[in-house]
Amino acid sequence: MKARRSLRLLGAALTTALAACLQPAHADAPVKAPAAIIPAHEAPGTKTAVFAGGCYWGMEAVFSHLTGVTSVVSGFEGGRAADADYETVSTGTTGHAESIRVTYDPARIRYDQLLQVFFGVASDPTQLDRQEPDVGPQYRNALVPIGPEQARVARAYVAQLKALKLWKRPIVTRIEPWRGFYPGPEEHQDFALRNPRHPYILRWDVARVDALHRTFPQWWKPDFTQH
């Protein structure tokens with residue numbers, strides 16, 4: 001199945017009809033990912049973090065409801081600037097992944113706590129080059145640390161989770177080098193906020209946001225942080 005979001009937009013009515021019988025290909029239930037043994041020690045002032053975990057609509061929707069997060073932008077990471085447009089990335093040949101850039105205040109929520117949300121409810125870390133109905137390397141599961149402190153914490157937390165074996169299948173999340181982030185089309189920003197009745201949002205992403213509220217209530221905020 002080749003997941004092109006343009007096809008999802010064109011086939012919204014069909015998606016609605018099939019929603020009752022579609023099931024996540026490999027999705028696990030939300031996991032209350034544990035606190036990091038090695039927390040982040042971040043200097044005062046806003047920071048940015050980049051995460052790739054499937055369709056950026058859902059990732060954006062989850063992280064936009066976190067206390068301490070001041071901006072979430074959907075876009076692309078991993079490839080060249082020249083290839084960072086939606087149609088080209090959708091071919092799966094650019095090296096880019098759909099991703100989000102999160103701006104946050106570490107005095108309110110640290111990088112390691114963002115990792116808890118990423119692994120616990122924002123994505124399924126056991127799916128290789130896919131996320132639920134979306135298939136291809138552009139939907140891979142990856143952390144993209146910005147700077148040595150994020151890299152140190154990311155490596156330690158992935159190792160911690162692998163040792164705990166909280167999922168039925170192995171964690172395949174990659175830790176990728178920072179190559180830059182490129183915002184996606186304006187019509188894809190704040191998508192869940194502007195399109196709450198879109199069939200894809202209803203089928204896949206409403207449950208993620210609800211899981212955030214239930215699993216990590218200490219960081220939940222009802223307002224959606226716009227990009």
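The values are calculated or read from the model by the stated rules, or taken from the named source; none is laboratory data. From a predicted model like this one, the values you see are computed outputs, not experimental measurements. Here Cβ is always computed from backbone atoms with ideal geometry, including for glycine, and neighbour counts include all displayed protein chains. Please note that ligands, DNA and RNA were not included when accessible areas were found on the heavy atoms of the full protein model with its side chains. Shrake-Rupley method; radii C 1.70, N 1.55, O 1.52, S 1.80 Å.
Report, ordered by the first and then the second residue, all pairs with beta carbons closer than 7 Å, sequence separation of six or more or different chains, a first member in segment 121-138 that is farther than 15 Å from L166 by Cα and in a loop (DSSP other than H, G, I, E, B), and a second member that is open to solvent by 20 Å² or more (accessible area, probe 1.4 Å) and β-branched (V, I, T).
Once the first residue is farther than 15 Å from L166 by Cα and in a loop (DSSP other than H, G, I, E, B) and sits in segment 121-138, its partners that are open to solvent by 20 Å² or more (accessible area, probe 1.4 Å) and β-branched (V, I, T) give L128/V172.
For segment 175-227, give me the residue count where each residue is in a loop (DSSP other than H, G, I, E, B) and either touching a His at 6+ places or on another chain (Cβ under 9 Å) or among the charged types (D, E, K, R) (or both).
Going through segment 175-227 one residue at a time, the tally reaches 10.
Does G75 meet the test of being closer than 20 Å to A192 by Cα, open to solvent by less than 10 Å² (accessible area, probe 1.4 Å) and within 16 Å of the chain's Cα centre (by Cα)?
In short, yes.
Suppose we keep only residues that are without any contact (Cβ under 8 Å) to a residue 12 or more places away in the chain and more than 13 Å from A122 (Cα to Cα) within segment 192-217. Which one would you say is farthest from the chain's Cα centre (by Cα)?
Within segment 192-217, the match that is farthest from the chain's Cα centre (by Cα) is R197.
Sort out which residues of segment 87-131 are acidic (D, E) and either at negative phi or buried (at least 24 other Cβ atoms within 10 Å of the Cβ) (or both), and write them in order of number. Don't jump to the end; show me each part of the working.
Applying the first criterion (acidic (D, E)) to segment 87-131 yields 87, 98, 105, 112, 124, 129.
Selection gives E87, E98, D105, D112, D124.
Of all residues in segment 171-212, which are among the acidic types (D, E) and buried (at least 18 other Cβ atoms within 10 Å of the Cβ)?
The first filter runs over segment 171-212 and keeps only residues among the acidic types (D, E), leaving 176, 186-187, 190, 205, 210.
E176, D190, D205, listed by residue number.
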